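The values are calculated or read from the model by the stated rules, or taken from the named source; none is laboratory data. Remember, it's a predicted structure, so these values are computed and weren't measured experimentally. All Cβ positions, glycine included, derive from the backbone under ideal geometry; neighbour counts span all protein chains shown. Areas reflect the complete protein model, heavy atoms only, side chains present, ligands, DNA and RNA absent. Shrake-Rupley method; radii C 1.70, N 1.55, O 1.52, S 1.80 Å.
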Amino acid sequence: MKININKIKRAFGRNRSKAQHLVEFVLFFPFLIGIIGLLTEIAYGLNTGIELNSALNRALGAVSSIQRDETATKDVIEEELYQNTYEILVKRKVPYTKTLEVETLEVDDFLVSIATYEYTYAFNLVNTFFSAVPEKFHFKSVVISNKSLFAPNSYNLDEVTLENTLKNYSIYGDKELEDKIKDIYNNTQNTKGDNADDKINS
């Protein structure tokens, strides 16, 4: 009894024509596009979450370096943080920046800055077949900082004090930096004490 090898190959799908490959590719292609789009969208969404955290940290550094004559209030800090974070996100081409919200909370001597952001899922091809990803990604970034960063940092130094400081520095220039600072501080305290004694004697 002769066995037809060709029939066996066709039965197990080993002898396929070019048309069969083309049909299989056409049927699989939408799923391939859907998977690539899904992974790309998730990766881009996670990247915006990283950008949010980075932008809030950079904004906090910018706000703490603003020249101030008086301690900034909670509302002022909150507004400045929002503006700086928003501008950084815009410069980095992050979409949906209008959804950004910034809130600050005071806890003892610390300021807790909270930024929230929503990324809307744009690639809907996969969700037309089955619910694979949520419509929006919600991100939140929290940064804790000391309130002293927003204290007054603008000071006026008169010419006499500056001149005396420079003279003291030049006199004790051969010592270590720590010793120089201590000497300048002690000289300043002694000068204040002498002035106070002069006032009492007068």
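Amide H contacts of Tyr121 (H built 1.01 Å from N, in plane; Pro and chain starts excluded): Lys136, Phe137 sit under 5 Å, all sequence-distant by 5 or more or on other chains. Inter-label distance, Tyr44 to Val26: 2.9 nm, where each label sits 7 Å from its Cα along the C-beta direction. The modelled label-to-label distance between Lys98 and Lys74, using points 7 Å beyond Cα along the C-beta direction, is 3.0 nm.
Taking packing as the residue-averaged number of other Cβ atoms within 10 angstrom, the listed peptides 50-63, 98-111 run from highest to lowest as 50-63, 98-111. Please compute the per residue accessible area over the range 47-99 with all protein chains in place, 1.4 Å probe, rounded to a whole number of Å². Result: 58 Å² of accessible area for each residue.
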